[in-house]
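One structure coming up, written as structure tokens, with questions to follow.
Laboratory data are not the source of any read-out in this text; all were calculated from the coordinates shown. In this text the structure is predicted, and so the values were computed from the model without any measurement. Note: ideal-geometry Cβ built from the backbone for every residue, glycine included; neighbour counts use all protein chains shown.
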């Protein structure tokens, strides 16, 4: 078994079922008050939770739970715990032993020959103060330590010994019984039914070491049994994955079904803290998706099919068309909706249901894969999904190499999937419009305007993903001045008794922070990519020339020459028509930057991104890249000086 540092267990309260759905043995409220069972299952969303209540509003009696036919979608318990309140030997003989045996036969038996739902079970005996059970020692072997005030007779069998002999058996290798004793000073004793008085009768005294050993024994049993069932399931999953993978060339093999099965194994690894193992499986699934898409692009029908376009893309285009029509006709103020939140998140859509039903597009599939990979990398980098620090102790710091890997993967993902999004938006989406409605829509929007809308949508998505990755990979180890555009963190500071929240540039270079150069270089690439998106929009507005900053006024343009014709023959002089429409810009920062006709918002935002990228490149020792950004800033200031005198920019660094 691989090394697992810790297990986080989430227990949900037991919810009793209607009496019509359970057997008569579970109908007595008095019996339920003294003997309750709770089931524990692992979390379904990839957090490190291992156990939770299996009831979840469903019947916990003999009625069988319906299971999904694909193991990757099952959510069954890893460990089932029966919490037993039994105050004396007589109640155990008369009622509680019968209830325990019925529960073991009903809940603790694994159905089927496979190990997809392998689980363990445990009986936890809770001893309350003032009860006859509290006056007994834990076992007969410890009776010699009992003081003279105890009424316990040496040589008799304790209640814990009876439970163990009844349910562990003589040949059992696993101890499935644990006992916890509640101290008389516990504040919640009055909330029990019936309540336990704080002035309860004297109990068998235990030393602090014995109390600690009891809790350590319980935790060890929980961890051991959870990992045992986990190991059995993983072995079964790995066999299933190998079998399905070997059937890849057979007719009827479906990649989506295979994905759900293999992702179930990845989520199992993630749930117990084996994040790197889970990341490897998601990377393998990503390579498999790439292979399927390439094969389908060649016309080969293998691995199932994906839908031709993303449904949200159709709604984006139609919304932009309505806004464009309203602006042309003056019929009200129709404004594009501004995207709020992160565009890439594994819970943004019901991705797993779409994958299982084969109703997912390639764009959505890639977005879901990257969201899962980024979540795992953020966890390895000791950060949560929203970018906040996950580690309990700030001194541990972030794994900057992992955060840099997210940025590098993000650049590759954005540049690749942006083309997929453009193909989705330019696909024959108008097939969804029928008859006169389609003709009316075509008359409202020209092909050039539709192309401009698609350009704006792709640019907005690209810019939003760049911003999201930059936010999630920000670390306290990075000097503050890089983000604020100031010298804070770069200049020496006087020594004082105050602790520095972020290291200065000199401190960072002297301490040799591992991964600092990698993370700053990777973040600089993302900033430059976002700046490229902004520059592309401004080029369509005429604020930046297509040949660069020095051709903004349109002078000095080049003409196409026919190489096979006469030397005086030039091209027909026709240039592609570039149409600008503001519709389709769905990011707040981009919309602010392109507002108005002066371009001041664009120039200011372009300068901010350039200065930030230049500083990041400098800290990463990428001096040539920093000089290239500096030359862009110089060209920007020359352009602004000649064309926008009213725009004030800061001096070039």
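For a footprinting-style exposure proxy, rank 318, 535 by other Cβ within 10 Å, fewest first.
Ascending number of Cβ neighbours within 10 Å: 318, 535.
What does the highest-first list of 246-257, 595-606, 360-371 look like by mean Cβ count within 10 Å?
Highest mean packing first, the order is 360-371, 595-606, 246-257.
Quote to one decimal, in nm, the extra length available between residue 416 and residue 348 on full extension: 0.36 nm per residue of separation minus the C-alpha distance between them.
Result: 22.4 nm gained on full extension.
Further question on the same structure: If I stretch the segment between residue 209 and residue 88 completely, what's the gain in nm (0.36 nm per residue apart, minus their alpha carbon distance), one decimal? Each step should come with its number before you reach the end.
Details: separation 121, 0.36 × 121 = 43.56 nm, distance 2.52 nm.
Length difference between fully extended and current span is 41.0 nm.
Going by how many other beta carbons lie within 10 Å of each one, how would you line up 211, 127, fewest first?
Listed from fewest to most nearby Cβ atoms, that is 211, 127.
Same structure again: Using a basic spin-label model with each label point 7 Å from the Cα along Cα→Cβ, how many nm lie between residue 185 and residue 101?
Output for this residue pair reads 4.2 nm.
Could I ask something else about it? Determine, for 231, 399, the number of other Cβ atoms within 10 Å of each Cβ, and report the residues in order from fewest to most. Kindly include the intermediate steps, with their values, before the conclusion.
On the way: 231 15, 399 21.
Result, fewest neighbours first: 231, 399.
Further question on the same structure: Stretch residue 628-residue 340 to full length: gain in nm at 0.36 nm per residue minus the Cα-Cα span? Present the calculation step by step, with values, prior to reporting the outcome.
Numbers: separation 288, 0.36 × 288 = 103.68 nm, distance 3.33 nm.
That pair, residue 628 and residue 340, stretches by 100.3 nm at full extension.
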